[in-house]
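Here's a structure for you.
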Amino acid sequence: MCDLATLRTRYGVGPLISAAALPFLFLHSHYQPSLHVGSLNADLSDVAAGAIVVTALASFDRRPLARSLPVWEGWGALALLVVLSTAWGALRFGGYPAGTHAVTAAKWLEYMLLAPALAIVVRRSRELEPAAVVLVLWSAAATVVGLLQFVGVLGDLDDTPAGRRKPSFLGYHDFAALSGTALLIAFLVLARGPRSRTEQRVALLAGVAGGLGVILGGPLDTLLGLYLASLVLVLLLRRHVAVIVSILAVVTVGVLMIRSSAVADGLKFLGVKQGSGGASTHIQSYRQRALLAYVGGRIFLDHPLLGVGFEGSSDPFAFEPYVADAKKHFDQPAEAFPSRQHRWGVQNAYVQSLADMGILGLPAFLAALLVPAFLAVRRGVGDARVLGAALPLLVLGVWNGYGLVAGIPVAALTWLGVGVAAVSVAEARA
């Protein structure tokens, strides 16, 4: 075992602090102590994100950012648009709670800073090893908790019965996203070959914990992102393709089995199967998400240029004009529709980016994810090249089931993934 001094000599302080911050970044706010001052609140995850950013500032060097400059174009455009749309909502709409959304925007920007901070504190792919090991171990812990929830030994956030999908200590989508990342690490080591017995063992743990975690979390959106990420990984490394495809097939079957009821309801909603599945009396996941996306789309069509302000689509002034029409098109109980008591939001980052920020919102959000992935493939080197291309594609799927929620594990994974892509590009130029 390596002591702390040895690890510090081998990797440096920045990579170790980044690794130590991961468990707090991948933890549901319910399990964290919080400090509330007026409309401001801070969790341990904010402290963890701040620790990485402060470490980057303390060791600031512009060269990694300059070497990966194209990565920051889409990232910067999105950050600027978040600021401008928050100001626009405050100036244009009387019902826009400017103070509340300004705090949310600040937390969103805080997490965006994880990307350049990681690029500063991590200079080479090898320095990502501590973070990878911590992430795999944390994923294994999450999967163990998820399994105990599944068999009924532990309770969960939603108090759902045993035998159903489980959130572990993250939440369904965040649990699956963390697990998907661990599985991608296992695929990476499998495809390029392990460099040591320890790495082989870590990769085996990552594969088992990651695969089971994706199944237990159960979101089909994460499964879509995992397909995209695995595809680019396979195209880059071109080894053990059959094994990777077989593992993905097993995971897919597991997710479909644990989500069989939701899948059946979705097929009925699409008209592929007969019946309604009790749509008028029970909230059904995909029906509700479709109606929320419908409301978000209507908001965008009426405010196409600048939107209704960052996070404004979750406010009554924005959604109430369209609820009556939504009820004509979607068969769901009243509580499924957005209201002052149930501010569900749009629950789709791509639709929400249009509704909140207007016509530029979606291109800016996609550019912030896809440009780094593309540059990692074209200009990156090392393991960071593979993960820097794969992680943005993984979260590309995950955000299909999430609105633009600040301070959640998926947000941390998004910007850390962009940071990994920047590390690969900067390392190549160095």
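The values are calculated or read from the model by the stated rules, or taken from the named source; none is laboratory data. From a predicted model like this one, the values you see are computed outputs, not experimental measurements. Virtual Cβ from ideal backbone geometry, glycine too; neighbours counted across all protein chains shown.
Looking at 349, 355, can you tell me which residue is in contact with a His (Cβ under 8 Å, 6 or more places away or on another chain) and in the same structural domain as residue 290 (by TED's automatic domain parsing)?
355 is the lone residue from the list that is in contact with a His (Cβ under 8 Å, 6 or more places away or on another chain) and in the same structural domain as residue 290 (by TED's automatic domain parsing).
Quick one: which of 298, 340 is assigned by TED's automatic domain parsing to the domain that holds residue 282, modelled with pLDDT of 95 or more, under 27 Å from residue 93 (Cα atoms) and not β-branched (Val, Ile, Thr)?
Residue meeting the stated conditions: 298.
Can I ask one more? Just to be sure I understand, how many residues within region 13-31 are among the polar types (S, T, N, Q) and either buried (at least 19 other Cβ atoms within 10 Å of the Cβ) or farther than 19 Å from residue 166 by Cα (or both)?
Of the residues in region 13-31, the ones among the polar types (S, T, N, Q) are 18, 29.
From what is left, the residues that are either buried (at least 19 other Cβ atoms within 10 Å of the Cβ) or farther than 19 Å from residue 166 by Cα (or both) are 18.
Residues flagged as among the polar types (S, T, N, Q) and either buried (at least 19 other Cβ atoms within 10 Å of the Cβ) or farther than 19 Å from residue 166 by Cα (or both) within region 13-31 amount to 1.
Kindly establish whether residue 274 is crowded, with 18+ Cβ neighbours inside 10 Å and either modelled with pLDDT under 95 or in the same structural domain as residue 206 (by TED's automatic domain parsing) (or both).
no
Looking only at region 152-184, which residues are closer than 27 Å to residue 404 by Cβ and of a type in the set (Val, Ile, Thr)?
160, 181
Another question, if that's okay. Checking residue 84 against (1) among the hydrophobic types (A, V, I, L, M, F, W, C); (2) surrounded by fewer than 22 Cβ atoms within 10 Å (Cβ to Cβ); (3) closer than 29 Å to residue 202 by Cβ, which test does it fail?
(3)
In region 164-181, how many are small (Gly, Ala, Ser) and either farther than 11 Å from residue 216 by Cβ or not assigned by TED's automatic domain parsing to the domain that holds residue 220 (or both)?
3
Kindly establish whether residue 133 is part of a helix (DSSP H, G or I), β-branched (Val, Ile, Thr) and within 18 Å of residue 206 (Cα to Cα). Full working, then the answer.
On the way: part of a helix (DSSP H, G or I): yes; β-branched (Val, Ile, Thr): yes; within 18 Å of residue 206 (Cα to Cα): yes.
So residue 133 fits the description; yes.
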